[in-house]
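Enquirer: Take this structure, written in structure tokens, and hold onto it; I'll ask about it next.
The values are calculated or read from the model by the stated rules, or taken from the named source; none is laboratory data. Small disclaimer: the values here were computed from a predicted structure and weren't measured. Please note: Cβ atoms are built from the backbone with ideal geometry, for glycine as well, and neighbour counts cover all protein chains shown.
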Amino acid sequence: MSRKRKAALFLFIAAAVGAGTAYGQDAPAPPAASDASAFVFNTVLFLMSGMVVMFMAAGFCMLEAGLVRSKNAATICLKNISLYSVAGIMVWLFGYNLIYGVAEGGVIGKFEWWNADDSDPVGTGYAASADWYFQMVFVATAASIVSGTLAERIKLFPFLIFVAVLTGFIYPIQASWEWGGGFLDKHFGFSDFAGSTLVHSTGGWAALAGAIVLGARTGKYEGGRVTPLPGSSLPLATLGTFILWLGWFGFNGGSQLALGTIDDSISVAKIFVNTNMAACGGVAAALLLTQAIYRKVDLTIVLNGAIGGLVSITAEPLQPEIWQSVLIGAVGGAIVTFSVPLLDKLKIDDVVGAIPAHLLCGVWGTMVVPLSNSDASFFGQFVGVMLIGAFVFAASLAVWLALKYAIGVRASEQDERIGLDKAELGLEAYPEFAPNASG
């Protein structure tokens, strides 16, 4: 090949390489494999955890249906599927952006509905819709707590109106103070990993306000004594508790918010173990204490002991050692055991024991965080618990009172006597067992 031809060939190859380089600079570079993998695993964590947490709605439904009398079981089922649906709509319309639209160190977010923004998926690290879904099912969980406490005597539509206010405004505003980067997070270092206070105590405070306004069920506290009103199905209540226990792995494990690295995977696994062991501690404590106090084991308190243990570990399920998790859960079980009769002495009628298991154990679990997490302080935790409790209780009380005097919240004594299934739905959960059943 002549010198001229060699030179021409060299220039051609150089031009081609240069053109390829220029094209590569102009075209968007594909994300690195590690970024894409992290995005996928993080998104899957949100979606799978959200599905498991959504199933907690079934757990609450079964627990409550088992602990109410049979004449109210169908109404409880209707309330639980309805409140989940109302929560979904309200979190879309207002809730999500109230939580995450707050300015750093602020108090309240944006009043606008949510739209998915996946314009920078690698930068965000997960699909926007997956995050919205995961947050939505948490809100529905808080509303489920209220349903069980107020069962058997509250009207359907006033209850659902309250749920709309709770899930669209009350819950999101207080959640923004921590999870949205609001003032509790910025100025007080308040820490609540998965929601002992932000979810469970919030639901408990709302339930307590409702129970005070609503009053006790007819016949519960008469003649200076407490009259037991046994539920319709303890096996069903037990099934509901197991479903909730399962759901908590998504509740706490998903709150790691990432699964795209080895460290995140190890953390999620550790959260699963600590969550499980706290529940075991709650059951063991309630089992032993009810035997010691009543000379017989009380299954309903043991079931709530499991829930109390789960709520207690939710504020910090990653940092404790296993023995600490068992202890934290056991204290939760003890709180439930001693608080159930205390509420009866105060004549606060909590049908399913949600106030001890969610409100009080939520406070305990939040306050104990600094024992295993050095980034949190007892002062910051105390401020967070008190401010959130005061806000949620006051706001809930105002809404309940407004509903009471505007449209009424309590079923009539006659409706309560025959059961809300017949009175409000015109049907029965167990018609073949009704006194007037034929055949």
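Enquirer: With the requirement that a residue be charged (D, E, K, R) and surrounded by fewer than 20 Cβ atoms within 10 Å (Cβ to Cβ), what does the stretch 339-367 give you?
Expert: 344, 345, 347
Enquirer: Suppose we filter 80, 72 for residues that are under 17 Å from the mean Cα position of the chain (by Cα), touching a residue at least 12 places away in the same chain (Cβ under 8 Å) and either surrounded by fewer than 24 Cβ atoms within 10 Å (Cβ to Cβ) or assigned to a helix (DSSP H, G or I) (or both); which single one remains?
Expert: 80
Enquirer: Now for a separate question. Right, residue 229: in a helix (DSSP H, G or I), in contact (Cβ under 8 Å) with a residue 60 or more places away in the chain and not polar (S, T, N, Q) or not?
Expert: Spelling it out, it is not the case that residue 229 is in a helix (DSSP H, G or I), in contact (Cβ under 8 Å) with a residue 60 or more places away in the chain and not polar (S, T, N, Q).
Enquirer: Ok, one more. Identify the residue in the stretch 296-311 that is out of contact with any Ser or Thr (no Cβ under 6 Å at 6 or more places or on another chain) and farther than 21 Å from residue 328 by Cβ and, among all such residues, is surrounded by the fewest Cβ atoms within 10 Å (Cβ to Cβ).
Expert: Ranking the candidates gives 296 first.
Enquirer: Being out of contact with any strand residue (DSSP E or B) (no Cβ under 7 Å at 6 or more places or on another chain), under 20 Å from residue 53 (Cα atoms) and in contact (Cβ under 8 Å) with a residue 60 or more places away in the chain narrows it down to one residue among 257, 299; which is it?
Expert: Only one candidate passes the filter, namely 257.
Enquirer: Next up: If a residue must be aliphatic (A, V, I, L, M) and farther than 13 Å from residue 154 by Cβ, how many such residues does the stretch 66-84 contain?
Expert: Selection size over the stretch 66-84: 4.
Yes/no per residue for (1) of a type in the set (Lys, Arg); (2) in a helix (DSSP H, G or I):
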{"site": "349", "(1), (2)": "no, no"}
{"site": "390", "(1), (2)": "no, yes"}
{"site": "401", "(1), (2)": "no, yes"}
{"site": "408", "(1), (2)": "no, no"}
{"site": "417", "(1), (2)": "yes, yes"}
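Enquirer: Here's another thing I want to ask about it. Please find, among 90, 54, the residue that is buried (at least 24 other Cβ atoms within 10 Å of the Cβ), within 25 Å of residue 158 (Cα to Cα), in contact (Cβ under 8 Å) with a residue 40 or more places away in the chain and not small (Gly, Ala, Ser).
Expert: Of the residues listed, the single one that is buried (at least 24 other Cβ atoms within 10 Å of the Cβ), within 25 Å of residue 158 (Cα to Cα), in contact (Cβ under 8 Å) with a residue 40 or more places away in the chain and not small (Gly, Ala, Ser) is 90.
Enquirer: Please report, ordered by residue number, the helices (runs of 4 or more DSSP H) entirely within the stretch 95-198 with at least 1 residues that are of a type outside the set (Lys, Arg) and surrounded by 17 or more Cβ atoms within 10 Å (Cβ to Cβ).
Expert: So the answer is 96-100, 128-149, 156-165, 171-176, 183-188.
Enquirer: Tally up the residues in the stretch 284-295 that are surrounded by fewer than 24 Cβ atoms within 10 Å (Cβ to Cβ) and in contact with a helix residue (DSSP H, G or I) (Cβ under 6 Å, 6 or more places away or on another chain), please.
Expert: Counting residues in the stretch 284-295 that are surrounded by fewer than 24 Cβ atoms within 10 Å (Cβ to Cβ) and in contact with a helix residue (DSSP H, G or I) (Cβ under 6 Å, 6 or more places away or on another chain) gives 3.
Enquirer: Same structure again: Select, from 123, 59, the only residue that is of a type outside the set (A, V, I, L, M, F, W, C) and either in contact with a helix residue (DSSP H, G or I) (Cβ under 7 Å, 6 or more places away or on another chain) or under 22 Å from residue 199 (Cβ atoms) (or both).
Expert: 59
Enquirer: Continuing with this model, one more query. If residue 313 satisfies all but one of (1) more than 20 Å from the chain's Cα centre (by Cα); (2) assigned to a helix (DSSP H, G or I), what's the number of the condition it fails?
Expert: (1)
Enquirer: Out of the stretch 393-423, which residues are charged (D, E, K, R), within 21 Å of residue 74 (Cβ to Cβ) and in contact (Cβ under 8 Å) with a residue 24 or more places away in the chain?
Expert: The answer is 410, 413, 416, 417, 421, 422.
Enquirer: Taking the stretch 232-262 on its own, how many of its residues are assigned to a helix (DSSP H, G or I) and at pLDDT below 95?
Expert: 1
Enquirer: Given the condition within 17 Å of the chain's Cα centre (by Cα) and of a type in the set (Gly, Ala, Ser), answer yes or no: does some residue in the stretch 282-289 qualify?
Expert: No, the conditions are met nowhere in the stretch 282-289.
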